[in-house]
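Below is one structure. I have some questions about it.
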Amino acid sequence: MVTANGGGGGADSAPRRGRPRSIETSNAILESAYALMASTGLAATTIDAVARHSSVSKMTIYKWWQSREALLIDAFLQHAAQMLPLPPVSSGTPATRARRHAAAYAEALQGEFGKVQLAVISECISKTGSAELFYARYLKLRRDALVEMIAAGQKDGSILAEGPAEDLYDAIYGSLFYRYVFGIAPITPGYARNLVDMVLRPRG
């Protein structure tokens, strides 16, 4: 992952010497991988299947992604960047932006996005023993950007909650994901917005 707003990256997909990567071909591969995960499930989303669906050779896919897990994460990342863009500074106060993003995430969890995210994390854990690859390629930069946003609100006084911004972020998004995974209670955009207010205590 190169930027907080999207694009694949990381060591496993770093450009190599030789023919430059075609953005059009790369997008076709990533879109095919996500479409297959959403429609046929993770087990059926093999490199062979992605190659057939995208009309790209397996050799090309393996040249750009050294593992199936890296490809699946980057496919999820690209879709997430389009579906859940990080809120720009111009879109309101930190608390307002946090409410908007958390509400969008809660809504996304109810559809194929939530199922694909959980499947990709499970795949990483089953193959490598941890979710570190998912964190490094997808979550870290997005988490860092939102933590920075919360910290900015604490600094300018618009967020009254004390404590590390990292802990406040985890309290919000950890709660949403926990409720989703275990089906404890329905997750709605309204619930997410209320959760943000409860955790961040925005001024006014």
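The values are calculated or read from the model by the stated rules, or taken from the named source; none is laboratory data. Given the structure is predicted, the values throughout are model-derived calculations rather than measurements. In case anyone asks, the SASA skips ligands and DNA or RNA and just uses the protein heavy atoms, side chains included. Shrake-Rupley method; radii C 1.70, N 1.55, O 1.52, S 1.80 Å.
On average, how much accessible surface per residue is there in the range 67-168, in Å², for a 1.4 Å probe, leaving out ligands, DNA and RNA?
44
Using only Cα atoms, find the angle between the long axis of helix 165-182 and the longest principal axis of the chain, and express it within 0 to 90 degrees, rounded to the nearest 10.
That helix lies at roughly 60 degrees to the long axis.
Under 5 Å between amide H atoms, partner at least 5 residues away or on a different chain: which partners does ILE159 have, H built in plane at 1.01 Å?
Result for ILE159 returns GLN154, ARG203.
Let me ask another. How many lysine pairs are close in the chain, with Cα atoms under 24 Å apart and the two 8 or more places apart or on different chains?
Number of lysine pairs found: 6.
Using a probe of 1.4 angstrom, how much of the accessible area of the chain is carbon and sulfur, in percent?
Numbers: 5800 of 10350 Å².
The computed percentage sits at 56.
Right, here's the next one. Report, to the nearest 10°, how far helix 189-200 tilts away from the longest principal axis of the Cα atoms in the chain, using its own Cα long axis and a range of 0 to 90°.
So the inclination is approximately 60 degrees.
Also: Calculate for the chain the 222 nm mean residue ellipticity that helices alone would give, adding -39,500 (n - 2.57) per DSSP H run of length 4 or more and normalising by residue count, nearest 500 deg cm²/dmol.
Roughly -20500 deg cm²/dmol at 222 nm, from the helical runs in the chain.
Comparing ALA185, ALA33, ALA151, which has the greatest mean-square fluctuation in the GNM of the chain with Cα pairs linked when under 10 Å apart?
Per the Cα network of the chain with a 10 Å cutoff, ALA185 tops the list.
Could you work out which residue, out of ALA43, ALA70, ALA35, moves most in a Gaussian network model of the chain, that is, has the largest mean-square fluctuation with Cα springs under 10 Å?
ALA43
Here's another thing I want to ask about it. Assuming 0.36 nm per residue, please report the length gained on full extension of the stretch LYS155 to GLN110 beyond their Cα-Cα distance.
Separation in residues times 0.36 nm, less the Cα-Cα distance, equals 12.8 nm.
Then there is this: What does the C-alpha gyration tensor say about the overall shape of the range 129-200? Classify as rounded when a/c is under 1.5, otherwise prolate if a/b is larger than b/c, or oblate.
oblate
Which whole-number percent gives the relative contact order of the chain, counting Cα pairs below 8 Å spaced six or more residues apart?
24
What whole number of Å gives the distance from the Cα centroid of the range 42-69 to the Cα centroid of the range 125-199?
After rounding, the separation between the Cα centres reads 31 Å.
Using a Gaussian network for the chain with springs between C-alpha atoms less than 10 Å apart, which of these wobbles most: HIS53, HIS79, HIS101?
In this elastic network of the chain, the residue with the biggest mean-square fluctuation among HIS53, HIS79, HIS101 is HIS53.
With N residues in the chain, what two-decimal value do you get for its Cα radius of gyration over 2.2 N^0.38 Å? Mind dumping the intermediate values first?
Numbers: Rg = 18.0 Å, N = 204, 2.2 N^0.38 = 16.6 Å.
That works out to 1.09 for the chain.
Okay, next question. How big is the range 55-141 by the Kirkwood estimate over distinct Cα pairs, in Å?
That comes to 14.5 Å for the range 55-141.
Taking 0.36 nm per residue of sequence separation and subtracting the Cα-Cα distance, how much length would be gained by fully extending the chain between SER67 and ILE184, in nm to one decimal?
In short, 38.7 nm is gained.
Just subtract the alpha-carbon distance of SER90 and ALA44 from 0.36 nm times their residue separation and send over the number in nm, one decimal. If you can, show how the numbers build up before the last one.
Values: separation 46, 0.36 × 46 = 16.56 nm, distance 4.17 nm.
Extra length available between SER90 and ALA44 comes to 12.4 nm.
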